[in-house]
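First up is the structure itself, then whatever we jot down about it.
The values are calculated or read from the model by the stated rules, or taken from the named source; none is laboratory data. Worth saying up front: this structure is predicted, and the values here are computed from it rather than measured. In this analysis, Cβ positions are derived from the backbone assuming ideal geometry, glycine residues included, and neighbour counts consider all displayed protein chains.
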Amino acid sequence: METASPIIYPQSGVLAFRRVSREPEILLITTRKGHWTIPKGLVEPELGAAASAANEAFEEAGVRGRLAPESIGGFEYPKWGGVCRVAVFLLEATELADRWPEDGFRRRRWLQLPEAAAAVKFPLLANLIRRAEAIIRAFPAAGEAVPLP
């Protein structure tokens, strides 16, 4: 007997970071159930994955910044009777809004990489956060061009 393949929901999100005394910090937000995660959501076909991720970053966390054009990795998690497959993009935070569309039900917190990895629910996301330090250190500093694909 064949089992049906799960429905795949393409999502994209951001690993938003800032440099504090040269050490990177990651911005996490709460889910509607109170778990810590990154800003993410469904890919809007007319925008593509990177632009959709940037939109989610503002809607869910009130953060804007310099977005890397290529995904740094991804993770999957079960939802809606299927699997959400998330492409993650690096975003250097340059602006943090006092008010944002989902501020009424989401909290946000800056954490150093080890604490951020320990705080998130999904192991594959935690692994991505642990591996992010080298990628963040290689990300061009403010004023330098972010390479385009």
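Condition check for R18 on (1) part of a loop (DSSP other than H, G, I, E, B); (2) closer than 25 Å to F105 by Cβ: one failure, at (1).
Of the conditions (1) modelled with pLDDT of 90 or more; (2) farther than 21 Å from P123 by Cβ, R19 clears all except one; give me its number. Checking R19 against (1) modelled with pLDDT of 90 or more; (2) farther than 21 Å from P123 by Cβ, the one that fails is (1). Is it true that F58 is in contact (Cβ under 8 Å) with a residue 12 or more places away in the chain, aromatic (F, W, Y), within 19 Å of A87 (Cα to Cα) and not in a strand (DSSP E or B)? Taking the combined requirement at face value, the residue satisfies it.
Are any residues in segment 10-22 within 16 Å of the chain's Cα centre (by Cα) and either more than 19 Å from I129 (Cα to Cα) or of a type in the set (V, I, T) (or both), and if so, which ones?
At the first step, the residues of segment 10-22 found to be within 16 Å of the chain's Cα centre (by Cα) are 10-18.
Correct list: P10, V14.
Just so you know, in segment 114-134 the residues that are more than 15 Å from T37 (Cβ to Cβ) and in contact with a helix residue (DSSP H, G or I) (Cβ under 6 Å, 6 or more places away or on another chain) include one that is modelled with the lowest pLDDT, and it is E133. Looking only at segment 88-107, decide whether some residue is within 15 Å of E25 (Cα to Cα), exposed (fewer than 12 other Cβ atoms within 10 Å of the Cβ) and either touching a residue at least 60 places away in the same chain (Cβ under 8 Å) or among the charged types (D, E, K, R) (or both). The answer is yes, given that some residue of segment 88-107 is within 15 Å of E25 (Cα to Cα), exposed (fewer than 12 other Cβ atoms within 10 Å of the Cβ) and either touching a residue at least 60 places away in the same chain (Cβ under 8 Å) or among the charged types (D, E, K, R) (or both). If I filter segment 64-86 for residues that are touching a residue at least 24 places away in the same chain (Cβ under 8 Å), assigned to a strand (DSSP E or B), closer than 21 Å to N127 by Cβ and of a type in the set (K, R), do I get at least one hit? Yes, segment 64-86 contains a residue that is touching a residue at least 24 places away in the same chain (Cβ under 8 Å), assigned to a strand (DSSP E or B), closer than 21 Å to N127 by Cβ and of a type in the set (K, R). R18 meets the conditions (1) out of contact with any Asp or Glu (no Cβ under 7 Å at 6 or more places or on another chain); (2) of a type in the set (D, E, K, R); (3) surrounded by fewer than 20 Cβ atoms within 10 Å (Cβ to Cβ) in every case but one. The failed one is (1). Return the residue satisfying two criteria in turn: it lies in segment 87-99 and is in contact with a strand residue (DSSP E or B) (Cβ under 7 Å, 6 or more places away or on another chain) and of a type in the set (A, V, I, L, M, F, W, C), and of such residues it is nearest to A126 (Cα to Cα). By that ranking, first place goes to V88.
You will find that of R137, R109, R99, the residue that is out of contact with any helix residue (DSSP H, G or I) (no Cβ under 7 Å at 6 or more places or on another chain), at pLDDT 90 or above, of a type in the set (D, E, K, R) and not in a loop (DSSP other than H, G, I, E, B) is R109 and no other.
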